Every structure is written in structure tokens, then in C-alpha cells.
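Visitor: Pasting in a structure now, in C-alpha cells, and then I'll have a few things to ask.
The values are calculated or read from the model by the stated rules, or taken from the named source; none is laboratory data. Keep in mind that this is a model prediction, so the values were computed, not measured. We place every Cβ from the backbone using ideal geometry, glycine too, and count neighbours over all the protein chains shown. Calculation scope for accessible area: heavy atoms of the full protein, side chains included, ligands and nucleic acids excluded. Shrake-Rupley method; radii C 1.70, N 1.55, O 1.52, S 1.80 Å.
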Amino acid sequence: QVQLVESGGGVVQAGDSLRLSCAASGRIFNAMGWFRQAPGKEREFVATISWSGGSTYYADSVKGRFTISRDNAKNTVYLQMNSLKPEDTAVYYCARRIYGGSYSVADFGSWGQGTQVTVSS
């Protein structure tokens, strides 16, 4: 079972940037996704990337500000977050796609432990 470890979170001010990393313990031949969960809210989809990296998809709330990428040689997926807003504050998780067809939590697995991102105004 592949394990995922997120890193790169922190406390930043609105307008700043952060780059999150998700390191896998082995090769992953799945599409990968980033999700986030704010206090008191359900985990929500942020972005996904195909195995080749040639196809990406974003939630409307982050489109144009966040960029997902992957380096299969390093077994790592990244999330570049620019123009951060206070509403981006959440624990960010990466996961691999298990089932196809939607961007719901149920279609992804092998969840990491998450990394906290806090954006102050």
C-alpha cells in the first residue's frame, strides 16, 4: 500500500504563496488529487492531475490561483498556491484516485495525514 506524506504548509498573509508537496512511498500510476478541509466543514476537492500530468482540473474557488503538477521520477505531486485568501485556510490532503467519474472524496484513497495552511488577513 502506497503511503502519502504532505508537507509545505504554514502560516502566511493574504496574497502570499505556498507550495505544498505530496511524497509517495512508491510509484503511483493513478491520477492524484488535492483536497482541503476547513474547521467544521466537509473535505472538499481542490485539484486533480492525470498520471501523465497532461490533464488537470480545478475547483472554481481556486482556478487561476492554484496549479497542480507532478514529478513521477520523484513520486511527488505539488500544489502551487498563489494569491492566497483567508478562505483558503484548511488542512490540505493529497490522495490517489481509486475510482473514476467524479471529484468526490469517495473516489480517492491512500490519504495522507494532511498539512495545515493558515492565511491571515
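Visitor: Which residue out of Ser21, Ser83 is touching a Phe, Trp or Tyr at 6+ places or on another chain (Cβ under 6 Å) and at pLDDT 95 or above?
Guide: Working: Ser83 fails: touching a Phe, Trp or Tyr at 6+ places or on another chain (Cβ under 6 Å).
From the options Ser21, Ser83, the qualifying one is Ser21.
Visitor: More than 16 Å from Glu6 (Cβ to Cβ), out of contact with any Ser or Thr (no Cβ under 7 Å at 6 or more places or on another chain), at pLDDT 95 or above and among the acidic types (Asp, Glu): is that true of Asp71 in this structure?
Guide: Against the criterion (more than 16 Å from Glu6 (Cβ to Cβ), out of contact with any Ser or Thr (no Cβ under 7 Å at 6 or more places or on another chain), at pLDDT 95 or above and among the acidic types (Asp, Glu)), Asp71 does not qualify.
Visitor: Filtering region 1-26 down to residues that are of a type in the set (S, T, N, Q) and more than 11 Å from the chain's Cα centre (by Cα), which residue is farthest from Asn82 (Cα to Cα)? Show your work before the answer.
Guide: Filtering region 1-26 for residues of a type in the set (S, T, N, Q) gives 1, 3, 7, 13, 17, 21, 25.
Pick out the ones that are also more than 11 Å from the chain's Cα centre (by Cα) and you get 1, 3, 13, 17, 25.
Values: Gln1: 32, Gln3: 27, Gln13: 11, Ser17: 4, Ser25: 27 Å.
By that ranking, first place goes to Gln1.
Visitor: Quick check, is Arg96 within 14 Å of Val2 (Cβ to Cβ), within 11 Å of the chain's Cα centre (by Cα) and in a strand (DSSP E or B)?
Guide: Judged against the criteria, Arg96 is a match.
Visitor: Could you look through region 66-89, keep only residues that are touching a residue at least 60 places away in the same chain (Cβ under 8 Å) and open to solvent by less than 40 Å² (accessible area, probe 1.4 Å), and pick out the one that is farthest from Ser121 (Cα to Cα)?
Guide: So the first thing to find is which residues in region 66-89 are touching a residue at least 60 places away in the same chain (Cβ under 8 Å), and the list is 79-86.
Still in the list and also open to solvent by less than 40 Å² (accessible area, probe 1.4 Å): 79, 81, 84.
Details: Leu79: 21, Met81: 16, Leu84: 10 Å.
Here the answer is Leu79.
Visitor: Here's a follow-up. Out of region 19-34, which residues are part of a loop (DSSP other than H, G, I, E, B) and either closer than 14 Å to Gly109 by Cα or without any contact (Cβ under 8 Å) to a residue 24 or more places away in the chain (or both)? First the steps, then the outcome.
Guide: Step one: of region 19-34, the residues part of a loop (DSSP other than H, G, I, E, B) are 25-31.
Those that are part of a loop (DSSP other than H, G, I, E, B) and either closer than 14 Å to Gly109 by Cα or without any contact (Cβ under 8 Å) to a residue 24 or more places away in the chain (or both): Ile28, Phe29, Asn30, Ala31.
Visitor: Here's a follow-up. If the Cβ limit is 6 Å and pairs must be 6+ apart or interchain, which residue in region 1-18 that is within 11 Å of Gly112 (Cβ to Cβ) pairs with which residue that is open to solvent by 30 Å² or more (accessible area, probe 1.4 Å)?
Guide: Val2/Ser25; Gln3/Ser25; Val5/Ala23
Visitor: Within region 90-107, track down each residue that is crowded, with 18+ Cβ neighbours inside 10 Å and of a type in the set (D, E, K, R).
Guide: Residues satisfying the conditions are Arg96, Arg97.
Visitor: Let me ask another. Quick check on my filter: what residues within region 11-30 are crowded, with 23+ Cβ neighbours inside 10 Å and farther than 15 Å from Thr89 by Cβ? Spell out the reasoning first.
Guide: Within region 11-30, the first condition is being crowded, with 23+ Cβ neighbours inside 10 Å, and the residues that meet it are 20, 22.
Once the filter is applied, which keeps residues that are crowded, with 23+ Cβ neighbours inside 10 Å and farther than 15 Å from Thr89 by Cβ, region 11-30 yields only Cys22.
Visitor: Another question, if that's okay. Quick one: in region 35-65, of everything that is of a type in the set (D, E, K, R) and part of a loop (DSSP other than H, G, I, E, B), which residue is surrounded by the fewest Cβ atoms within 10 Å (Cβ to Cβ)?
Guide: Restricting attention to region 35-65, the residues satisfying the condition of being of a type in the set (D, E, K, R) are 36, 41-44, 60, 63, 65.
Narrowing the set further to residues that are part of a loop (DSSP other than H, G, I, E, B) leaves 41-43, 60, 63, 65.
On the way: Lys41: 9, Glu42: 8, Arg43: 18, Asp60: 6, Lys63: 10, Arg65: 15.
Result: Asp60.
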